[in-house]
Amino acid sequence: MTKHQHGRKKLNMKSAHRTSVIRNQIIHLITYGFLQSTKVRVKAVQKATEKLVTVARKGDNFNIIRRIKQELPYNMVAVRKLIDEIAPKYTTRPGGYTRVISLGIRASDTAPIARLEWV
């Protein structure tokens with residue numbers, strides 16, 4: 001069995017739903033500074049967020065804003081906060097902008113819960 005095109009978790013959703021859930025959770029992370037959800041979902045959000053911060057570190061110009069708005073098209077406040085406040089903290093850091101902290105399991109359905117926050 002080959003390992004081609006196995007780069008993302010499906011999260012038991014159709015692709016459009018998965019995209020919107022991950023976008024909304026990235027916006028929550030940017031706005032509030034943390035995200036608490038299931039561990040698999042947090043890891044999917046972490047992967048997407050790390051890429052966005054890497055793009056945003058390059059500065060505030062038209063093309064950078066366009067590339068970030070392509071991922072977060074409906075929240076310009078979060079885009080501005082990412083470019084102006086969050087990304088400048090990590091200009092010298094070569095990756096690893098967020099950390100995942102395991103919080104145990106949820107009592108109702110025994111799903112593993114984790115917290116994603118900025119380093």
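The values are calculated or read from the model by the stated rules, or taken from the named source; none is laboratory data. Here the structure is a predicted model, which means the values were calculated and not measured. Methodologically, a virtual Cβ is constructed for each residue, glycine included, from the backbone with ideal geometry; neighbour enumeration extends over all protein chains shown. The area values use the complete protein model at the heavy-atom level, side chains included, leaving out ligands, DNA and RNA. Shrake-Rupley method; radii C 1.70, N 1.55, O 1.52, S 1.80 Å.
Does the range 65-119 come out rounded, prolate or oblate by the C-alpha gyration tensor, with a ≥ b ≥ c the root eigenvalues, rounded set by a/c under 1.5 and, if not, prolate when a/b is larger than b/c and oblate if not? It is oblate, given that a/c is not under 1.5 and a/b is not larger than b/c. Converting phi to 3J(HN,Hα) with the Karplus coefficients 6.51, -1.76 and 1.60 and the offset θ = phi - 60°, the range 68-85 yields 6, 5, 5, 8, 10, x, 10, 8, 5, 5, 5, 4, 5, 5, 4, 6, 7, 10 Hz in sequence order, with x at every glycine or proline. Packing around the peptides 69-75, 42-48, taken as the average count of other Cβ atoms within 10 Å per residue, puts them in this order, highest first: 42-48, 69-75.
Once the chain from His4 to Glu117 is taken as fully extended at 0.36 nm per residue, the excess over their C-alpha distance is 37.6 nm. Pairs from the list Lys47/Lys89; Lys3/Lys81; Lys3/Lys58; Lys10/Lys69; Lys43/Lys81 with a Cα-Cα gap above 29 Å: Lys3/Lys81; Lys3/Lys58.
Ignoring any ligand, DNA or RNA, what whole percent of the accessible area of the chain comes from carbon and sulfur when the probe is 1.4 angstrom? Intermediate results must be reported in sequence, preceding the final value.
Details: 4080 of 7820 Å².
Answer for the chain is 52 percent, counting heavy atoms of protein chains only.
The residues of the chain expose on average 66 square angstrom of accessible surface per residue, using a 1.4 Å probe on protein heavy atoms.
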